[in-house]
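The values are calculated or read from the model by the stated rules, or taken from the named source; none is laboratory data. Because the structure is a prediction, the values reported are computed rather than measured. Neighbour counts run over all protein chains shown; Cβ positions are idealised from the backbone, glycine included. All accessible areas refer to the heavy atoms of the entire protein, side chains included, with ligands and DNA or RNA removed. Shrake-Rupley method; radii C 1.70, N 1.55, O 1.52, S 1.80 Å.
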Amino acid sequence: MSTAEIIARCQALYDDLDFTSAREWKEADPKRKVIGYMPVYVPREIIHAAGMLPLGILGGGDQMEVIHGDAYYQSYICRIPRSTIELGLTKKLDFVDGMLFPSICDVIRNLSGMWQLMFPGVYVRYFDVPQNYNDSIGGEYYTEELRELKAGLEKLGGITITDEALRESTAVYNENRRLINAVYDFRAEQPSKAPSVEVYLLMRAGMVLPVEEHNQVLKDYLEAAAVEERPVRDNCRIVINGAFCEQPPLNLIRSIEMAGCYIVDDDYMLINRWLLEDVTLEGDPLKNLSDAFLHFSADSAAKYCDRAEDVGQYLLSTVKKTGAEGVIFTAPSFCDPALLERPMLQDRMDEHSVPHISFKYAENSGQMQPIREQAGTFADSIKLWS
Amino acid sequence: MAIPEQAEVIKDSSMLLQKQMIAANYDELTNTAETGKKISSTFVPGNLNELVMCFDMLNNLPEINAINNGMRKKSGMMVMQAEKMGHSEDVCTYVKADIGSMSKGNIAPNGKPMPSPDLLLLSYTGCFTFMKWFELLRHEYGCETAMLHVPYEGDGIITQNMRDYVVKQIKEVIIPALERVSGVKFDIDRLRENLRNSAKAEDDFVWVLESAKNKPSPIDAYFGGVYYIGPIFTAFRGTDKAVDYYKLLRKEIEQRIVEGKGPITPEGDMKDERYRLVVEGPPNWTNFREFWKMFYEDGAVVVASTYTKVGGVYDLGFRHDPDNPIETLADYCLGCYTNRNLSQRVDMLEKYVNEYQADGLLINSIKSCNSFSAGQLLMMQEVEKRTGKPGAFIETDLVDPRYFSAANVKNRLESYFQMIEQRRQGARTAA
């Protein structure tokens, strides 16, 4: 398959707000269940081990007109909960048996409560993660939370999730993370061969496809992209930071690259690369997932940074590792985590003379000219003065 | 119409006392260079004052500092200063008022500079912004920070796992940090004694809150309530002073009931109780008196509010328990209002509308506060459905005066009161 064919399929999955592929997956077997999850991170291994399909819910994007959803939110709250409510009320999620709301911010936290009130037949879990990273404190708490999630899914499905199933699922997701990292590494090394819109659509496909299928799509893309000749542009190399929840419209990603920036790393779908190493397959699989979270998970604004000197180091190491020349801080309007953290990250970048700019967006932003101008000027300034 | 500055503001003895108590706390906080006392900063939800006192430390609450600056009309400039420094216009104005205040010398209400805290006790309870607020302060002050992660009651219950987690953190993270910073060894009996005092104060505090079930209500449980929660939510819960304050307050309110009086307002006793409201959401601080006047001048009294539960929910039965000192601190944190899920909050509001015989629910939605605000429109619909009483929705902010539109708010309130009146007339006609 060519990259064009692969990406065309990914684009179709991205555009499909009826989640047809997930519906068809469920309809193939009456015992099957689908569990939706919102950003930033849930342990999809447990859902998979239950024989269920994890379905990433990232709002409705710029193709969804929000009518009902706006009635539930004030003007100073971001768009992702509105479009997610819209998906719910317009029955686009009527096949979803459960929803997980991770502890990312108060809006998503409270959305879990709204979902409980609005869709009482759906299994809903607010998924908390520890902000204490000590094994005997946060670790014990989190392992127990994972057990509760496992028990909830078992009850929902009328099944037992065995340790063996959990280890198998962990192995599959380990491979998924390796392949995703391979795509990101490929893009960082040869950004002209892996345009960011394509990488983005590949990642979005992983939110709806069964992980085994996604693994194959990733392998196919790497193989096809390696041999495809594409023009090399005189772009600067930048890292995108702050877009880990409400997603930017595709045109925004396109605009940044058109303006002269190769995106060599981003935090669009952190769940894909949240765990930074393979999760061990020996021993208690839930404890292994807990240890992985505590000791080798990515950084994000939704997490507590327990040492002041570590603030911004993950971003800085990403900049260095990818050979990036600057950072674009993009955050959705009204995003508490990204916007509160940004000044600290900017200070860290300033300490290390990493150029940066920032702007805000909404998932349905339509006016790209200001973005192109800002990103273009930034790219020029890097080329001229850095 | 705003109250002229020269007009005398009427206050009960308890209001004057709580003002003196808070002023005295600021005097202590700004005098540590002489006394050598150490300062712990923390948050109102999850305020472990009884524990902090065990280490002879002073308790500083940045939210209260922001409120003070808001009420003294200084916060607007501080917020704008923080925005000039690079903090987003979209984030919480308490945070920006705090950072803006720091950039201007961090002057306390007594005119003296506040010293840097010795410890940031990050009680991560009921609000995401707290986490980043103290990371930002740590970034500025460079001082030790101790995280207490209080899990959210996503399913409306406190599980044993949650309780164990909080207890473990208190024992293995918070207490060692307090010992290290203060140089004082933890004495659990001191904590028990403080908790005994807390429980006594909580009994009288709840009595005062529930006095609003009377008709007329002798208290305003929102604007007046701000004075009543002062000691118990800040540096005084667990002290003899708080016990004495709530005894005094209770006597005052008992006397009001005997005399058939309505609540005290800045312009004297409210005479004619025409509307009884439950209010959800924090008040606006920059235009507090003006906002309050919009209620009492039309005979509207707030009989119950959720803001008076933000620093602890006591009217559903919880009391600090000296027999289980660490566990009770965990339960206190877990039970704070904004740590409860939406269903629990709706249940509370429904209970208040019914038990306090309210005419309706008013939501004051705060632009800064997603913890309170996200979901309030659904909450209003739910409470209306369950109680049959009308809801109203206004939008203001905590301490950014740019988000308080007096004309807009007054217009909505007047329309709401008219709606209540029309429904009454309709009900009378139907009867």
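With respect to residue A:183, is the statement that it is open to solvent by less than 30 Å² (accessible area, probe 1.4 Å), in contact with a strand residue (DSSP E or B) (Cβ under 8 Å, 6 or more places away or on another chain) and over 21 Å from residue A:291 (Cβ atoms) true? Judged against the criteria, residue A:183 is not a match.
Just to verify a result, which residue in the range B:198-235, among those that are under 14 Å from the mean Cα position of the chain (by Cα) and not in a helix (DSSP H, G or I), is surrounded by the most Cβ atoms within 10 Å (Cβ to Cβ)? Ranking the qualifying residues of the range B:198-235, first place goes to B:221. The set of residues from the range B:335-365 being touching a residue at least 60 places away in the same chain (Cβ under 8 Å), more than 12 Å from every other protein chain (Cβ to nearest Cβ) and not acidic (Asp, Glu) comprises B:335, B:336, B:337, B:349, B:352, B:353, B:356, B:357, B:358, B:360, B:361, B:362. Here B:293, B:389 are screened, and the one residue that is at pLDDT 95 or above, out of contact with any Leu (no Cβ under 8 Å at 6 or more places or on another chain) and open to solvent by 10 Å² or more (accessible area, probe 1.4 Å) is B:293.
Here is a yes/no grid of residues against (1) in contact with a Pro (Cβ under 6 Å, 6 or more places away or on another chain); (2) part of a helix (DSSP H, G or I); (3) not charged (D, E, K, R):
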site: A:4; (1), (2), (3): no, yes, yes
site: A:8; (1), (2), (3): no, yes, yes
site: A:11; (1), (2), (3): no, yes, yes
site: A:21; (1), (2), (3): no, yes, yes
site: A:25; (1), (2), (3): no, yes, yes
site: A:31; (1), (2), (3): no, no, no
site: A:71; (1), (2), (3): no, yes, yes
site: A:82; (1), (2), (3): no, yes, no
site: A:96; (1), (2), (3): no, no, yes
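For the range B:150-161, a residue qualifies if it is at the interface with chain A (Cβ under 8 Å from one of its Cβ atoms) and part of a helix (DSSP H, G or I), and exactly one does: B:161.
Looking across the range B:162-184 at every residue that is surrounded by fewer than 16 Cβ atoms within 10 Å (Cβ to Cβ) and more than 8 Å from chain A (Cβ to nearest Cβ), the one that is farthest from residue B:326 (Cα to Cα) is identified as B:183.
Screening the range B:400-431 for residues that are charged (D, E, K, R) and open to solvent by less than 60 Å² (accessible area, probe 1.4 Å) and picking the one that is farthest from the chain's Cα centre (by Cα) gives B:421. Selection of the range B:72-111 for residues being within 14 Å of another protein chain (Cβ to nearest Cβ), in a loop (DSSP other than H, G, I, E, B) and either of a type in the set (Asp, Glu) or under 19 Å from the mean Cα position of the chain (by Cα) (or both) yields B:89, B:90, B:92.
Considered as a group, the residues in the range A:306-324 that are away from every other protein chain (no Cβ under 12 Å) and in a loop (DSSP other than H, G, I, E, B) include one that is farthest from residue A:378 (Cα to Cα), and that residue is A:323.
Residues of the range A:57-83 that are of a type in the set (Gly, Ala, Ser) and either within 14 Å of another protein chain (Cβ to nearest Cβ) or surrounded by fewer than 19 Cβ atoms within 10 Å (Cβ to Cβ) (or both): A:69, A:71, A:75.
The set of residues in the range A:267-288 that are in a helix (DSSP H, G or I), of a type in the set (A, V, I, L, M, F, W, C) and away from chain B (no Cβ under 14 Å) comprises A:270, A:271. Filtering the range A:289-305 for residues that are among the charged types (D, E, K, R), facing chain B (nearest Cβ under 9 Å) and not in a helix (DSSP H, G or I) leaves a non-empty set. Does residue A:145 qualify as being of a type outside the set (Val, Ile, Thr), in a helix (DSSP H, G or I) and open to solvent by 20 Å² or more (accessible area, probe 1.4 Å)? Spelling it out, it is not the case that residue A:145 is of a type outside the set (Val, Ile, Thr), in a helix (DSSP H, G or I) and open to solvent by 20 Å² or more (accessible area, probe 1.4 Å). When the range B:115-151 is filtered for residues that are among the hydroxyl-bearing types (Ser, Thr, Tyr) and open to solvent by less than 10 Å² (accessible area, probe 1.4 Å), the ones remaining, listed by number, are B:123, B:125, B:129. Residues that are open to solvent by 30 Å² or more (accessible area, probe 1.4 Å) and in contact with a strand residue (DSSP E or B) (Cβ under 9 Å, 6 or more places away or on another chain) do not occur anywhere in the range A:163-172.
Candidates are the residues of the range A:325-372 that are free of Cβ contacts under 8 Å to residues at least 40 places away in the same chain, part of a helix (DSSP H, G or I) and open to solvent by 60 Å² or more (accessible area, probe 1.4 Å); the one that is nearest to the other protein chains (Cβ to nearest Cβ) is A:347. When the residues of the range B:135-149 are narrowed to those that are facing another protein chain (nearest Cβ under 9 Å) and touching a residue at least 24 places away in the same chain (Cβ under 8 Å), which ends up nearest to residue B:40 (Cα to Cα)? Per the criteria, the residue is B:145.
When restricted to residues that are assigned to a loop (DSSP other than H, G, I, E, B) and either of a type outside the set (S, T, N, Q) or surrounded by 22 or more Cβ atoms within 10 Å (Cβ to Cβ) (or both), the range A:217-241 contains 7. The residue list A:145, A:140 contains one member that is touching a strand residue (DSSP E or B) at 6+ places or on another chain (Cβ under 8 Å), of a type outside the set (Val, Ile, Thr), free of Cβ contacts under 8 Å to residues at least 60 places away in the same chain and within 15 Å of residue B:163 (Cα to Cα), which is A:145. Just one of the numbered conditions (1) more than 13 Å from every other protein chain (Cβ to nearest Cβ); (2) open to solvent by less than 10 Å² (accessible area, probe 1.4 Å); (3) of a type in the set (Phe, Trp, Tyr) is not true of residue B:372: (1). Only residues that are surrounded by 20 or more Cβ atoms within 10 Å (Cβ to Cβ) and among the acidic types (Asp, Glu) were counted in the range B:13-41, giving 0.
Any residue in the range A:92-103 that is over 16 Å from residue A:36 (Cα atoms), within 12 Å of chain B (Cβ to nearest Cβ) and buried (at least 20 other Cβ atoms within 10 Å of the Cβ)? No, there is no match, as no residue in the range A:92-103 is over 16 Å from residue A:36 (Cα atoms), within 12 Å of chain B (Cβ to nearest Cβ) and buried (at least 20 other Cβ atoms within 10 Å of the Cβ). Return yes when residue A:126 is over 19 Å from the mean Cα position of the chain (by Cα) and at the interface with chain B (Cβ under 9 Å from one of its Cβ atoms) and no when it is not. Answer is no for this residue.
Residue A:188 meets all of the listed conditions (1) outside any loop (DSSP other than H, G, I, E, B); (2) within 13 Å of another protein chain (Cβ to nearest Cβ) but one, namely (2).
Of all residues in the range A:203-210, at least one satisfies being surrounded by fewer than 18 Cβ atoms within 10 Å (Cβ to Cβ) and either not in a helix (DSSP H, G or I) or not polar (S, T, N, Q) (or both).
Report yes if residue A:121 is open to solvent by 20 Å² or more (accessible area, probe 1.4 Å) and modelled with pLDDT under 95, otherwise no. It is true that residue A:121 is open to solvent by 20 Å² or more (accessible area, probe 1.4 Å) and modelled with pLDDT under 95.
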